[in-house]
Amino acid sequence: MARITLPDGSILEVADGTTAAQLARQIGPGLTKAAVAAKVNGHLVDLSTPVNGEAAVQIVTVKDAEGLEVMRHSCAHIMAEAICSIWPGTKLVYGPTVEDGFYYDVDLDEPIRPTDFERIEQKMAEIIKADGAFVRKEMTRAQALEKLAADKYKTDNINRADGEAISFYSHGDDFEDLCRGPHVPRTGKVGYPKVMSVAGAYWHGDPTQKMLQRVYGTAWPTRKELDDYLHRLAEAKKRDHRALGRQLDLFSFDEAGPGFAFIHPKGMIVWNAIVDFWRSVHDRYGYEEIRTPIILNEQLWHKSGHWDNYKENMYFTRFDDAGYAIKPMNCPGGCLVYKTRQHSYREFPLRVAELGLVHRHEASGVMHGLFRVRQFTQDDAHIFCTPAQIESEIVGVIELTFEIYRAFGFEDFHIELSTKPEKHIGSDEIWQTATSALRAALGQKGIDYKINEGDGAFYGPKIDFHIRDCLKRSWQLGTIQLDFSMPERFGLVYADRDNTEKTPVMIHRAVLGSLERFIGILIEHYSASFPLWLAPEQVRILPISEKSNDYAEKVQARLKKASFRCLCDFSNEKIAAKIAKAHGEKLPYMLVVGPKEAESDSVNVRIRGTKENKTVRIDEFLAAVGRIIADKKIDLAL
């Protein structure tokens, strides 16, 4: 008999060889319909997998992240069959899942165009309707290599696969593909798919190889979820920060400096508002601010470990017969500042912040507006502390980070803990100590988090903060990285209680990450309709005719005296056109003024995104708007 432990701790005793699908049926008919895969002792498997002996089993549905991925990967196979059916000479390369979908790289001399997507989808619909079973077949590596000896792509996949057992999946009459699996039981369980786009892609990213075609698709469990996703994509296109940045004169790029952003005056207002707030919060949390050089000699980067672990992303120069590097990170400079004087345990924790300008070489094909640039300002900080202070300092950084995110209107965020990568510096013992300290801090705050095995920085494990914007897209922003190695490399010491020299622990952390990228995220999150405290122009005064210009100037003077960013529209346009223009420029408030307003010392207020208007006295308006700015409210209602 097999003894099955379910996720809720209950026990089922069934005959050995009972499949995961049969277990789902025994647990409940509703689960049978929803099930797409199973986890047996932590391993994701097909529902047809037999279970024997003692085993922990979880039935996986599309409501689970892993189940959704299984569904989408199965859909990638269906799309691959559809493409092969339409273009019989197609050679399949590989088809993994990606966020919100999947792709398949294909070797096909005839180009696949967007006009072909409907044909592919129609063929996919036929395959789904046929509801063919996904059938797994295994063979030895040698047998698989013999079977696919003429296919260089699949041979390469076999040689890269782990283990000796190589699996294939078939569905329908004659389609079979090399695949690790698992898959949904039948083609009818892949939900609602759609072909999204096609792009060029080199085999393994090697530009010396033939250009392949990468066909992207998505699939969702219900029609509504697919429609919602397509709506979010359409919204994202309308919110593209590159277009809005040009439209609202916030920033630009020029071929004179590819990947280097030019921030315009209006963009600098947003920038400075962010920085002023950042500084005020850091001051409250006990940080001191420094500034370090952009260019430092090569010897420093050898000492820090960046030369061996980050060289391909760095820029170099020479002068005075010596080699120098433009800094890709701020931490070595922070270490040099620390070394300028002696330190005692009494001054720890020492929290040192820097808005540091860094440069990293990015391939031209991956640069994307403000999201991926070659020069950016990182809101860095380095905390020097004793081992006993690690946990409390990590907790403090978490609290500071959450406070800043919430001020910008982000409430939906999650945490990931990344562990030792293959390429690293420092002993295994140091890495274990550092990772345990991060776990303890997260545990103290009661925070749920995901483990990313092997994804830490080369010098230490890290905690990463991910936010979700209004379109449910995830963005990695902040990071906390614990480092025992760099202080040793730089010979950093402090005088401990017993007057002996000890090496401090160094905590690297950023909250917003790249300021440029964060501004791009804000533009798209708010569709450039910034909260009042961030808006480049907070108020525009609109006189209804030339006769009211004098009063408009008096209103502007009072607003400017109260530190509001405001302008007057003295154009000869009619008032309706002035209002429409201000709405188009996404201004928070429009103040219409005429003879009646001048007589009553008031303004007629129009609020962005609404058609309502309200007449209030100027003093009332100033008080109400002042409170909205002070509280950093998103809602503009007076």
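Read the figures in this text as sums done on the coordinates, not as results from a lab. Since we're looking at a predicted model, the values are computed, not measured. Glycine gets a Cβ as well: all are built from the backbone with ideal geometry, and neighbour counts include every protein chain shown.
Structural remarks
- Trp475 sits among other residues whose Cβ lies under 10 Å from its own Cβ, and their net charge, with Lys and Arg +1 and Asp and Glu -1, is +1.
- When each of the peptides 10-20, 505-515 is scored by how many other beta carbons lie within 10 Å of its residues on average, the order from highest to lowest is 505-515, 10-20.
- Semi-axes of the equivalent ellipsoid for the stretch 263-399, Cα gyration tensor, largest first, Å: 27, 23, 14
- Among Phe518, Phe490, the ranking by other beta carbons within 10 Å of each residue's beta carbon, starting with the fewest, stands as Phe490, Phe518.
- Positive-pole candidate from Ile628, Val555, Asn572, dipole of the stretch 533-638, charges at beta carbon: Ile628
- Between Glu553 and Ala495, the distance separating the two model label sites (each 7 Å from Cα on the Cα→Cβ line) works out to 6.6 nm.
- Degrees between helix 618-630 axis and first principal axis of the chain (Cα, 0 to 90, nearest 10): 40
- Helix 223-238 vs. the chain, principal-axis angle (Cα, 0 to 90°, nearest 10): 40
- Rounded to 10°, Cα long-axis angle of helix 515-525 versus longest principal axis of the chain: 80
- Leu567-Glu54 pseudo-label distance in nm [points 7 Å out on the Cα-to-Cβ vector]: 7.4
- Rounded, prolate or oblate (a/c below 1.5 giving rounded, otherwise prolate when a/b exceeds b/c) for the stretch 171-251 by Cα gyration tensor: oblate
- Spatial separation of Cα centroids for the stretch 84-142 and the stretch 399-444, in angstrom: 39
- Gyration tensor (alpha-carbon) shape descriptor, the chain, a/c threshold 1.5: oblate
- Dipole magnitude for the stretch 539-630: computed about the Cα centre from +1 point charges on Lys and Arg Cβ and -1 point charges on Asp and Glu Cβ, it is near 340 debye.
- When the charge dipole of the chain is built from unit charges on Cβ atoms (+1 for Lys and Arg, -1 for Asp and Glu) and taken about the Cα centre, the candidate among Val493, Trp533, Asn313 whose Cα reaches farthest toward its positive end is Trp533.
- Centroid-to-centroid, using Cα positions, the stretch 266-305 and the stretch 189-214 are 39 Å apart.
- Net charge over other residues, Cβ less than 15 angstrom from the Cβ of Lys303 (K, R count +1; D, E count -1): 0
- Magnitude of the charge dipole, the stretch 2-61, Cβ model with Lys/Arg +1 and Asp/Glu -1, debye to 20: 180
- Residue-averaged 222 nm ellipticity for the chain, from DSSP H runs of 4+ at -39500 (n - 2.57), nearest 500: -10500 deg cm²/dmol
- At R0 = 41 Å, FRET efficiency that the Cβ-Cβ distance of Asp8 and Asp635 yields, to 0.05: 0.45
- Longest to shortest principal axis, alpha-carbon extents of the stretch 2-61, angstrom: 25, 19, 19
- Cα shape, the stretch 344-457, gyration tensor, a/c 1.5 rule: rounded
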